[in-house]
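Presented below is the structure to which this report refers.
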Amino acid sequence: MKSRLVPTWLAVAPDSAAAHALQQGKSPWTDSVHLLWSFWVFITPIFGGGYSWKWLGLTLLSYPLFVLLYAMTLLAPRRIAWRYALGMVALSMLLLPVYPAGITYFMFGCIMLSACRSHFSLSYLWHLLLLNIAYGALAWWIGYPWQMLVWIPAMTFIVGIIVSVERVNQQKDAALKLSHDEVRRLAATAERERIGRDLHDLLGHTLSLITLKLELSRKLFDRDGAAARRELEEAERVARHALAEVRSAVTGIRATDLAAELAAARLLLESSQVRLDYDLPPTDLSLEVERGLSLVLREAVTNVARHARASRVQVAFARAGDAVQLRIVDNGSGGIAGDGNGLSGMRERMSALGGTLAIESPKGQGTRLLASVPAKPARGRIGTEPVQDGPAVPSGAAQWRAV
């Protein structure tokens with residue numbers, strides 16, 4: 001239905017400015033907000049001869065054409081989009097003797113020349129200079145005030161350079177985001193390959209042994225029941241041993257160190273325009289404590305990025321007697337009404353290590369989370385941490401909005 005309503009020549013070209021916006025997750029019409037500057041078309045008569053039927057007629061004829069040319073600079077391939085920008089300049093030059101409001105079309109044409117380029121170059125400045133020389137000569141010949149010969153070229157150069165620099169920065173940000181995504185993808189791929197190799201090495205021989213013993217017990221079943229039973233018991237023992245090794249391996253896979261988790265948190269928060277200030281973690285923590293604090297940190301930072309609407313997060317570590325404390329403070333919206341799945345999972349992890357989790361979240365005043373755990377948990381508690389398939393997800397933004 002959409003293709004029937006929109007002509008093919010108004011479709012978004014793959015290498016157009018609108019397509020670039022789509023690739024960044026934006027609307028293809030993001031740049032159309034700049035059309036608000038065209039309100040000068042409707043204000044210029046106030047500073048001149050006033051409104052007239054002539055002005056109205058020329059506006060009704062020229063403004064729709066100007067909007068169409070502007071849209072084409074965004075929709076057309078970059079290699080030909082410059083033609084539509086020059087079309088706006090030509091429209092302005094044509095109307096300049098009888099329609100002073102057409103100066104706005106000239107400024108848009110000069111500025112949109114930068115939008116037609118994938119990068120900033122000196123050739124754009126040369127083109128601006130030539131176009132402004134042509135404008136100045138025509139305006140002087142028509143008899144425009146000298147002020148018009150100064151501030152129009154000045155504005156086109158200033159705005160054109162600003163727009164060009166902004167586009168360069170946007171492209172650099174997009175490239176940086178792609179590099180971060182690529183690093184995360186490669187790291188995830190490498191981790192999956194490592195896990196696959198470890199499980200293959202771990203289970204390959206064991207499963208082969210279990211298979212052989214089951215085959216042997218089947219063959220001995222009718223001739224020597226006692227021997228068949230021994231083989232089945234041996235297969236069961238090997239299977240239980242394999243299960244224990246798999247659990248140990250999974251625990252190792254889930255384990256993470258605080259330094260790596262802090263680095264990942266910084267990358268996640270910076271991509272969400274949130275500043276992270278943190279202390280270096282203690283280096284003498286047991287594996288169980290470091291793993292538990294790392295999972296709490298990961299859960300808290302993930303939910304800050306998703307729900308808190310914060311601009312700054314602070315992570316600090318401290319000693320309180322025999323306990324290690326992890327404090328996470330943000331300046332977000334706060335207002336946590338109760339424990340969702342995320343907070344419940346944190347409390348269970350801390351409880352399994354003999355620790356506690358406290359949280360303060362006044363509405364509109366951010367959230368302060370304090371996790372405290374013995375530096376060396378009791379031996380009986382080690383390994384009692386509940387096993388989950390992944391980090392818990394909050395049941396709703398109302399239950400978890402700042403952590």
task = Using packing as a proxy for protection, rank 204-213, 98-107, 320-329 so that the peptide with the highest average count of other Cβ atoms within 10 Å comes first.
result = 98-107, 320-329, 204-213
query = Nearest 0.05, what FRET efficiency do residue 37 and residue 365 give at R0 = 45 Å with Cβ-Cβ as r?
reply = 0.70
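Read-outs throughout are calculated quantities, based only on the coordinates presented, and are distinct from any laboratory measurement. All of these numbers come straight from a predicted model, not from anything done at the bench. So basically every Cβ, Gly included, is an ideal-geometry build from the backbone, and we count neighbours across all protein chains shown.
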